[in-house]
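Contents: one structure, followed by commentary.
The values are calculated or read from the model by the stated rules, or taken from the named source; none is laboratory data. Because the structure is a prediction, the values reported are computed rather than measured. All Cβ positions, glycine included, derive from the backbone under ideal geometry; neighbour counts span all protein chains shown. Remember, those area values only see protein heavy atoms, side chains included, never the ligands or the DNA or RNA. Shrake-Rupley method; radii C 1.70, N 1.55, O 1.52, S 1.80 Å.
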Amino acid sequence: MATKLNELIFWPEKSKIQRVLPRQFQTYYKDVEAIIDCFEIQVERPSAAYQQALTWSNYKTCNTCKYLVSSTPNGLINFISEGFGGRTSDVEIIKQSEYLTVVPENATVMTDRGFKQVAGLFQKKKVNLVRPPSVTSTRKMTKDEVRQSKLVAALRIHIERLIRRIREFRMLGPHATTDHNLVPLLDHIVIVACGLINLQGPLIQ
């Protein structure tokens, strides 16, 4: 099933993405082709100490597998990574996954502040990164930066809505814990879920 449904997870041509671009993006971010974020799935605590360390997530305070997901602005999943241990940083997932080989040159990708450190990786691929302005304790944000931050946050909410769709599958729900015997199949399970989601209606009408 994963092999066949994986064919439904692909990066459409830019012209096709723009043809169905939601109205919210058309005014300020009409060039955005993808929005990215990571989500985590809780797994049973491994018996081996090194596996416990690899899968421990400080963010979730439990053992998890972590995935990078990318979608077009209207909610079509165009990339899903393999699973990584919960302690893996967003930067390492970008480096180790195949995302940088999939994203086209000169594409525009929207992220949150957590992906600040990957800006250099995207620049090498000539990919434009749209993210909220950085916040520091020593400098107050300008009115334009506050406005941009709110605008990007309002548009990035759609990737969070997409992740909620993934969470609707009981095995991948926010309070589900994957049995250790199923962890080797988790990548296939996530691919099946994402392929089925792409058969649903658009996230934004």
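A few comments on the model shown:
- Here the calculated FRET efficiency for ARG161 and ALA119, from their Cβ-Cβ distance with R0 = 25 Å, stands at 0.50, rounded to the nearest 0.05.
- Global geometry of the chain, whether rounded, prolate or oblate, following the gyration tensor of its Cα atoms and the 1.5 cut on a/c: oblate
- Dipole magnitude for the stretch 98-181: about 380 debye, using +1 per Lys or Arg Cβ and -1 per Asp or Glu Cβ, origin at the Cα centre.
- Figure note: ASP187, ASP37 ranked by solvent-accessible area, largest first, 1.4 Å probe, ligands and nucleic acids not counted: ASP187, ASP37.
- Amide H contacts under 5 Å for GLY86, placed H, 5+ residues apart: THR55, TRP56, THR64, LYS66
- Relative to the longest principal axis of the Cα atoms of the chain, the long axis of helix 143-167 makes an angle of roughly 30 degrees.
- Karplus 3J(HN,Hα) series, Hz, for the stretch 20-28 with 6.51 cos²θ - 1.76 cosθ + 1.60 (x for Gly, Pro): 10, 5, x, 4, 4, 8, 5, 6, 10
- Loop-located GluC sites (Glu not before Pro) in the stretch 8-86 (DSSP state not H, G, I, E or B) with no more than 12 neighbouring Cβ atoms inside 10 Å: GLU13.
- Placing a label point 7 Å from the Cα of LYS16 along the Cα-to-Cβ direction, no residue of the stretch 186-205 has its backbone N under 11 Å from that point.
- The chain: most fluctuating residue of THR177, THR111, THR27 per GNM, C-alpha cutoff 10 Å: THR27
- Applying both filters, DSSP loop and at most 13 other Cβ atoms within 10 Å, to the GluC sites (Glu not before Pro) of the stretch 115-192 gives GLU168.
- Whole-Hz ³J(HN,Hα) from phi, Karplus 6.51 cos²θ - 1.76 cosθ + 1.60, for the stretch 36-46, glycine and proline x: 10, 6, 10, 9, 10, 10, 5, 10, 4, 5, x
- Rel. contact order, % - alpha carbon contacts under 8 angstrom, at least six apart, the chain: 27 percent
- Close amide H partners of ARG131, meaning residues 5 or more places away or on another chain with modelled amide H under 5 Å apart, are THR111.
- For the pair ARG147 and THR3, label points projected 7 Å from Cα toward Cβ lie 5.4 nm apart.
- DSSP-defined beta bridges in the chain - what % are antiparallel, rounded to 5: 70 percent
- Taking all protein chains together and rolling a 1.4 Å probe, MET171 ends up with roughly 90 Å² accessible.
- Put simply, the Cα atoms of the stretch 87-205 extend 49, 31, 30 Å along their principal axes, the longest span coming first.
- Surface accessible to a 1.4 Å probe, per residue, for the residues of the stretch 87-196, Å²: 59 Å²
- Structure-based [θ]222 nm, the chain - -39500 (n - 2.57) summed over DSSP H runs of at least 4, per residue, nearest 500: -10000 deg cm²/dmol
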